[in-house]
Amino acid sequence: MAPPLLILRDISLRLGDTNLLDGAELSVSEGDRLCLVGRNGSGKSTLLRIAAGELEPDDGERYIDPGVTTRYLPQEPDLSRVESTLAYAEAGLAPGDDPYRAQYLLERLGLTGDEDPASLSGGEARRCALARALASEPDILFLDEPTNHLDLPAIEWLEEELTTSRSALVLVSHDRRFLENLSRATVWLNGGVTRRLEKGFGGFETWRDEVIEHEERTRHEMDRKLAVETEWLHKGVTARRKRNMGRLRSLHALREERRSQKSFTPGAVKLTTTDGARSGRIVVEAENIAKSYDGPALVRDFSIRIQRGDQIGIIGPNGAGKTTLLNMLTGALEPDDGAVRLGTNLQMVTLDQRRESLDPGSTLSDALTGGGNYVDVGGQRRHVIGYMKDFLFAPEQARTPVGVLSGGERGRLMLARALARPSNLLVLDEPTNDLDLETLDLLQEMLADCDGTVLLVSHDRDFLDRVVTGVIAAEGEGRWVIYAGGYSDMQAQHGDPSEPIAEKPTAPPAKPREPKPERQEKKSGGLSFTDRHLLESLPHMMEEFQARIDGLNGKLSEAGLFENDRAAFERTADELKEATAALEAAEEQWLELELKREAIEGG
């Protein structure tokens, strides 16, 4: 294994009253392909900045080999001090680099190099910063959400570019397919500390679930052990009169260990839709619609019929007209030609791409309630603090201005607002932007279980494959074609010359959904007579074993026993060993039976 080029050791950083990083570590060797994963707010971007030398930690050590070059792509680049996008990208070149590479990268990312940085959108600024980071192939390349604001062709091009790069990579991204295709090792940041898996992201989630399950089982067993010890303390035969101070100290130590034990179990986002009334069978019907803005047509001669329950994804390059098409299909924009008819009894909820409906001066609580303490969810009145917790917001954030929330927090806030309102038509424009992987998982499950209709614009290939039943794809020159299935299905159909792709005037039939397994009646399978008897008798047996252990310890402590009767000392020591083993075995058996009883009663 190659020696590390960069090492972070025992990194700590405190934000207010929170230890954001608490002993985090990271090492990067030549040729590494690392993905750094964790929930929004866990400190991924902060750790990346420390690794890139952009931020000093409160404590810990950063070592980098002399002469090692690095480049860092921030989420919010600052282009305020340059005259053009080309000047900014060229600043990333090193002596001896190809002077034309910056121009080449800008053009591949949809920029000319002549743009005024002051007039750039957030997405254009990020693409310019990406060109700067890639311009000089450094020894280590740190990329924070590099696929944000990239369209699908640009994402696939970037994958090829990074695959052939000689740079070691450290990636933060919510794009599963991107991470699966590029990473060879995974660093999981949770609870302020890091754990490393020597496998790419494809193997991470199974490993993470195993770690969480093991940690929960260990914590549960420790809790039950505490229950055994506490029961002995309060109810043991000898406990009230003559307590074994060694065991009492062990109990206190066990409690302290349990209190200080780090939990790697992340909190859970709770996503549920508030179903509206049932819509009519036909939700949207468009006939020969067209739209242009002082130039080539963005949409021309497009027809589709979307029925109740369809989940349709709209994909295409930036500037192809995805949002324009979506707005026409939902009645927010009139077509130049053709007609759009919306179905009956529609209750539409929209999640906009730019989070424009969020007032940056409003507090998080007011954004959810409109001013007040309660939010109506599914016909039930819930206190805003409880609803905030469902989306991983802390109670103290209730008065936090929206303008200071991170991109991921704003994304979760928009979801919280949208999902609280009754709907039978969800319109989602880039819903995956800035969401962490766990929230994406739950959003996908929620949409899969949704009985209404979904229209979404997304560049996330994995998200499209998991969610949609049909795809509307831009084919250039204002032409849009409908494919059955998800993104991978579209690629397969498009790549087959025998597959006709011309004029499909109706939405594809929905993929047959796998039937939801019916809830199984749990077998009674209660404890056997023997198990119940043992649960009742084992505590008494444990008390007897403990009393015997106390007596043997007392005998061993008699003055002169070892010198005067070596055989009696050894015999007593053997008996003590056997009694201790018997007590431990009885406690383990009682613990297993208690867990079994809880599982049956909780089933």
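FYI, it's all coordinate maths here, none of it is from the lab. Computed from a predicted model, the values in this text were never measured in an experiment. Cβ placement follows ideal geometry from the backbone for every residue including glycine, while neighbour counts extend to all protein chains displayed.
Can you give the relative contact order of the range 524-603 as a percent, counting alpha carbon pairs under 8 Å and 6+ residues apart?
Here the relative contact order equals 48 percent.
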Taking alpha-carbon centroids only, the range 295-336 lies from the range 368-413 a number of Å equal to 32
So HIS540 and ASP337, fully extended at 0.36 nm per residue minus their Cα-Cα distance, gain in nm 64.5 nm
Expressed in angstrom and rounded, the centroid-to-centroid distance over alpha carbons for the range 136-156 and the range 438-480 is 23
Taking every other residue with Cβ under 11 Å from the Cβ of LEU5 and scoring Lys and Arg +1, Asp and Glu -1, one gets -4
Subtracting the Cα-Cα distance of ALA492 and LEU556 from 0.36 nm times their residue separation yields 15.2 nm
Checking rank on 150-156, 413-419, with mean other Cβ inside 10 Å and highest first, the result is 413-419, 150-156
The relative contact order of the range 4-206, taking Cα pairs under 8 Å that sit 6 or more residues apart, comes to a percentage of 29
Two pseudo-spin positions, 7 Å from Cα along C-beta at TYR63 and at LYS389, lie apart in nanometres by 4.4
Distance in nm between ALA582 and TRP157 label points, each 7 Å along Cα→Cβ, equals 7.8
Taking r as the C-beta separation of THR164 and ASP10 and R0 as 41 Å, the FRET efficiency to the nearest 0.05 is 0.70
Going residue by residue through the range 203-219, the Karplus relation 6.51 cos²θ - 1.76 cosθ + 1.60 with θ = phi - 60° gives ³J(HN,Hα) values, rounded to whole Hz and with x marking Gly or Pro, of x, 6, 5, 5, 5, 4, 4, 5, 4, 5, 4, 5, 5, 5, 5, 4, 5
Descending packing, highest mean Cβ count within 10 Å first, for 196-209, 42-55 is 42-55, 196-209
Taking r as the C-beta separation of ASN288 and ASN345 and R0 as 30 Å, the FRET efficiency to the nearest 0.05 is 0.70
Taking r as the C-beta separation of ASP531 and ASN19 and R0 as 60 Å, the FRET efficiency to the nearest 0.05 is 0.85
Under the Karplus relation with 6.51, -1.76 and 1.60 and θ = phi - 60°, whole-Hz ³J(HN,Hα) for the range 535-549, x at Gly and Pro, equal 4, 6, 8, 4, x, 5, 4, 5, 5, 5, 4, 5, 4, 5, 4
Quick shape check on the range 362-438: root eigenvalues a ≥ b ≥ c of the Cα gyration tensor, a/c under 1.5 is rounded, otherwise prolate if a/b tops b/c, else oblate, and it reads oblate
Residues other than LEU111 with Cβ under 15 Å of its Cβ, Lys/Arg counted +1 and Asp/Glu -1, net out at -3
Net charge (Lys, Arg +1; Asp, Glu -1) of residues whose beta-carbon lies under 12 Å from that of LEU79, LEU79 excluded, is -2
